[in-house]
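A short write-up of the structure that comes next.
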Amino acid sequence: MVVVSHHCHGSGARLMKRHENAKFDRKRATMEDVAALAEVGVATVDRVLNERGGVRSETAQVVLKAARRLGLKRILPPSHHMGLRIEVLLNRRELPLIARMAEAFEHIGRSLDRSIIVQRTLLADDEPAHIAARLKATTCNAVVIYAPEDEIVVEAVNAVTAAGVAVVTVISDLPSSRRLAYAGIDHFMAGETAGFFLCQMIRQQGPILVLCHNFRIQSHSERIRGLRTILERENPGIHIADIVQGQDSVALSGRLLSEAVRRHPDIVGIYNAGAAHEAIRKVLHEVSGQSVPIFVGHELTTETRGMLRDRTMTLVIDQNPFQQAQKAIDRLLQHYGYRETEVAPPDRQGVQFTLHGPFNI
C-alpha cells in the first residue's frame, strides 16, 4: 500500500486538498501540476512519464496516480511493478484440449509486459496427489489450474491461497475451494444445450449412452446434470441407459462402451462429456439397426473436425480455451494491480461456448 504524507492535518488539510483538486480541474494539467499533487519534483515526474528509470516503484505509482487523477493529456506508461510470475498448471498433456489451452497461454504470455512471466507446467497424469504436490511447490505469485475437485486438491488450493498465492481455475471449477475466480464456461448450460439438440435431432425414442472422465471432474458432472435436466423436461422417451466413466482413456472407454452397447443395442444417441471421442468411433459399428446414433460431444480439435466432416459426430460444443486463458490472466493482472480499470470477474461475466457442425469448421 502506498502512503502519501501531507503537511496539513484535520479539516484544514481536507479543505486544502479539495481546493487544490478544484484548481487543477479548471485548467489543462501540466507536469508541474502532477509534481505538486504527487509531492515530488518535476524531474521525477519527467523520469516516470518518459520511462527513464531511476525512480522507486512506490514513487512511480504515486506519480502515475496523480497524472491519471488530473487527466494529463498524454499517453501514460503502465504502472511500475516489481514483477509478477504466473504458473499455468495443467495435466494430461496428451489431450488436444490441454494442448490448445497451453498454446493459448503461451500466446498471451508473449504479449504481456516484460515484468510479467507466464510459465506452463504440464503434468503427465491427473492424479490429485500429484497435482496438489505441484501446486504447493509453486514459487510463483499466482497459479492458473485445471484439476479434479478432489479433497486433496481443494486443500492445496486453500493452503497456497492462505499464503498469498492467487488461484484461478480454468476448464473445470473447484467451487468448494478458496480460489480467486473461475474463468470458464457454464458447463451445466453446455449439458442443457447438448440435451436440447439430442431431443431435436433424434427421430425416435430410446436409450442413449453417456461417456465422461469421472464425476470428480466438476465440468463433466455438471454437463451430465444439465443433459439429464433437459431430457426429463423435453423428451422423457429419450433416456440415459448408461453413464460410462472411461477416465478419458480411449482404451478403457472403448472397452466399457462396447460392453454398454451389448447391453443396449438399440441406442439412439451418444453424448460424450469428455475427451475419448475415438473410442466412440470404434464402437459405433457395433450398433445394430437402420440408423447411426446421433453423437454430440465437446471440443473442436483436429480429431473432432474430421469426425464432423465424415458425419460420425453431429454437433461439437467448444469451450473456447483462448478466451478462458485471456480472462484468467486479466483477472490476475487486475488482482495484482496491473489493470487500472476494473475487470468483471470471469465467473460472473462468463466465457461463451460455441456450437459447430460440418459446415462451420
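The values are calculated or read from the model by the stated rules, or taken from the named source; none is laboratory data. Since the structure is predicted, the reported quantities are computational estimates derived from the model, not experimental observations. Every residue, glycine among them, receives a Cβ derived from its backbone with ideal geometry; neighbour counts consider all protein chains shown.
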How about segment 97-120: which of its residues are free of Cβ contacts under 8 Å to residues at least 60 places away in the same chain and farther than 19 Å from residue 184 by Cα?
110, 111, 114, 115, 117, 119
Test residue 161 against the stated conditions and say whether it is under 28 Å from residue 271 (Cβ atoms), over 16 Å from the mean Cα position of the chain (by Cα), among the polar types (S, T, N, Q) and in a helix (DSSP H, G or I).
no
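Results for (1) among the basic types (Lys, Arg); (2) more than 19 Å from residue 326 (Cα to Cα); (3) not in a loop (DSSP other than H, G, I, E, B), shown as yes or no for each residue.
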site	(1), (2), (3)
135	no, yes, yes
168	no, no, yes
193	no, yes, yes
208	no, yes, yes
214	no, yes, no
220	no, yes, yes
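This table checks each residue for (1) under 28 Å from residue 262 (Cα atoms); (2) basic (Lys, Arg); (3) without any contact (Cβ under 8 Å) to a residue 12 or more places away in the chain.
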site	(1), (2), (3)
186	no, no, no
202	yes, no, no
221	yes, no, yes
229	yes, no, no
242	yes, no, no
248	yes, no, no
Taking segment 224-283 and keeping only residues that are under 24 Å from residue 172 (Cβ atoms) and part of a loop (DSSP other than H, G, I, E, B), one is left with 246, 247, 248, 249, 273, 274, 275, 276
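Out of all the residues in segment 104-133, which are of a type outside the set (Gly, Ala, Ser), in a helix (DSSP H, G or I) and modelled with pLDDT of 95 or more?
Those that are of a type outside the set (Gly, Ala, Ser), in a helix (DSSP H, G or I) and modelled with pLDDT of 95 or more: 105, 106, 107, 108, 128, 130, 131.
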Evaluate segment 284-302: report whether one residue or more is part of a helix (DSSP H, G or I), closer than 23 Å to residue 101 by Cα, in the same structural domain as residue 201 (by TED's automatic domain parsing) and in contact with a helix residue (DSSP H, G or I) (Cβ under 9 Å, 6 or more places away or on another chain).
yes
